[in-house]
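Data block below; observations after.
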Amino acid sequence: MFIKVLRYYAYICIDNFILFFSGEGDDGTSKEVHKYSMVENKWMRYEQTLPILMRPCVAVLSESKEFIHILGVSTEDEASVHMKTEMKRWLKKEQQLMVEDKEQIDIEEIKIDMEEMGQKLNIEKLKIITTYHKKKKKKKEIETVIEHWIRLSLLHRLGWIDIFYMIILRYILPKYFGLIKVFHGHSDCVKSVNFSPDGTKFISSSDDKTIKIWDIESGNVIQELKGHLDSVNDAQFSPDGNMIISCSCDSTIRLWDAKTGIEKKRLEGHTYSVVKAQLSPDGCTVVSGSDLTIKIWDTRSGQNLQTTEKHLDGINDIQISPDGQKIASADDYSISLWNMAGERLRILEVDIGYIKKVQFSSDSSSVLAGTTDGAIRIWDVVSGRQVKKLGGYFDRFNYVKYFPDETMIVSCSSDNTIRLWDVKFGVEIQKLEGHSDIVTAVDISLDGDVIVSSSNDKTIRLWRRL
């Protein structure tokens, strides 16, 4: 339903209502009180809460049905607690703010249509359905905004239901994406995909030891780069688009001319597979991750400037901050933050699931990571505190990335899906299906309107905002 999942709650049933008191969720013990109408199939959450936190607790209805006795243990001092409250105060109609199942049906309507269309995309049908839903959505927006303001005017007297923000969000703000192209050409699993800075091309790397540059409009391969002796783990354009950097299981990092496809430089020094290599924003430095260490290189000379102290576990990803001042590296159980001199600044730890990918926010103030327990986490760089957690319900995330405006996140998983998330409210907006094997990587165009994805099914797929 719409209330958050709680455990160890107290409840009583009277007439056609069930009252729920307190409970423990993922974010701790709650003081909240909820009511469920079995006849109307409606939930509400009261503005009034319990005066203290209790866990565990039980509720007992008096014989006269006039009072509710709540007994439990205080979470503060572990003292026994007995509270007595009048039944009638919880049954007053004027205190209710209801969320109905019908709203959920309305919310999902367009999403269902998009998913059905995704099975076999028809452009003409797409135009018709999109036009229909735009008209329908406009009417819904007006109705929703009016209701929103009515509720808002009563906010101070009646309280507010957090889930209503999600309803507003899903009516007005969603970005629906549909599959527009499938690219074939690699003979083995595709490991990475990244857009060019101008958005007209993307680059892919594969277990077939090749790197391919694709023209988005025509779908053709513009260049194929060969030279690596083993699987190519990652390939991406330099910030100015003139160079390509790649890394491989052959322990090397290679720099290529983006126009000619000629290898310009080879960086050697790692003893194992290089999982990630990235150019700094100014293009002067290369940072790479492999064999428990991070190496910092001078781009022009190819000299290894610094090798960091070892991680405790294998490095899964590295990322340079947009301001060029910091490096984030992910191993199985933590994220390490470094300065560009290779000095460790901070460790961000994860208690469940190991970390596959990391990304800085555009202002370099936070770090985004996907973990194998199916959660997306965001940390504040300065305090080291985890400030947000999304998901936690699906298969492991192989890749996570902010949209350019950072209001949304795209993720891909071992369950063959791509998912879009709203950052503010932590809700899944859309699920993209089509790949027949693990989705290994995703990237987003600079305007936020196109997503490219790669998979172990040997294909690359392009998804466009509808």
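The values are calculated or read from the model by the stated rules, or taken from the named source; none is laboratory data. Just so it is clear, the model here is predicted, and its values are computed rather than measured. Cβ atoms come from the backbone with ideal geometry, glycine included; neighbour counts cover every protein chain shown.
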- Query: Wholly within region 253-352, which strands (runs of 3 or more DSSP E) include no fewer than the required count, namely at least 3 residues that are surrounded by 17 or more Cβ atoms within 10 Å (Cβ to Cβ) and of a type outside the set (Gly, Ala, Ser)?
  - Reply: 274-279, 285-290, 293-298, 317-320, 334-339
- Would you mind finding the one in GLY269, GLY314, GLY289 that is small (Gly, Ala, Ser) and either more than 26 Å from the chain's Cα centre (by Cα) or within 21 Å of PRO197 (Cβ to Cβ) (or both)? GLY269
- Residue check for GLU224: touching a Ser or Thr at 6+ places or on another chain (Cβ under 9 Å), at pLDDT below 95 and of a type in the set (D, E, K, R): no
- Item | Restricting region 234-252 to residues that are within 15 Å of THR285 (Cα to Cα) and of a type in the set (Gly, Ala, Ser), the residue that is surrounded by the fewest Cβ atoms within 10 Å (Cβ to Cβ) | SER238
- Query: Residue check, ARG464 against (1) at pLDDT below 85; (2) surrounded by fewer than 17 Cβ atoms within 10 Å (Cβ to Cβ), all met but one. Which one?
  - Reply: (1)
- Message: So if I check each of ILE172, ILE203, ILE167, ILE180, which one is aliphatic (A, V, I, L, M), surrounded by fewer than 21 Cβ atoms within 10 Å (Cβ to Cβ) and at pLDDT 50 or above?
- Response: ILE180
- Task: Tell me, please, whether a residue that is of a type in the set (A, V, I, L, M), touching a Lys or Arg at 6+ places or on another chain (Cβ under 7 Å) and in the same structural domain as MET243 (by TED's automatic domain parsing) can be found in region 266-288.
- Result: no
- Within region 8-78, which strands (runs of 3 or more DSSP E) (wholly inside it) include 3 or more residues that are more than 26 Å from LYS388 (Cβ to Cβ) and aliphatic (A, V, I, L, M)? 10-14, 54-61, 67-74
- If the Cβ limit is 6 Å and pairs must be 6+ apart or interchain, which residue in region 223-246 that is farther than 12 Å from ILE211 by Cα pairs with which residue that is of a type in the set (Gly, Ala, Ser)? SER238/GLY283; GLY241/SER196; ASN242/ALA258; MET243/ALA258
- Determine which member of the set SER454, SER436 is at pLDDT 95 or above and in contact with a His (Cβ under 9 Å, 6 or more places away or on another chain). SER454
- Select from region 353-377 the residues that are of a type in the set (Val, Ile, Thr) and surrounded by fewer than 20 Cβ atoms within 10 Å (Cβ to Cβ) and list them in ascending order. THR372
- Task: Being buried (at least 18 other Cβ atoms within 10 Å of the Cβ) and not polar (S, T, N, Q) is the filter; apply it to region 25-37 and report the residue that is farthest from VAL58 (Cα to Cα).
- Result: TYR36
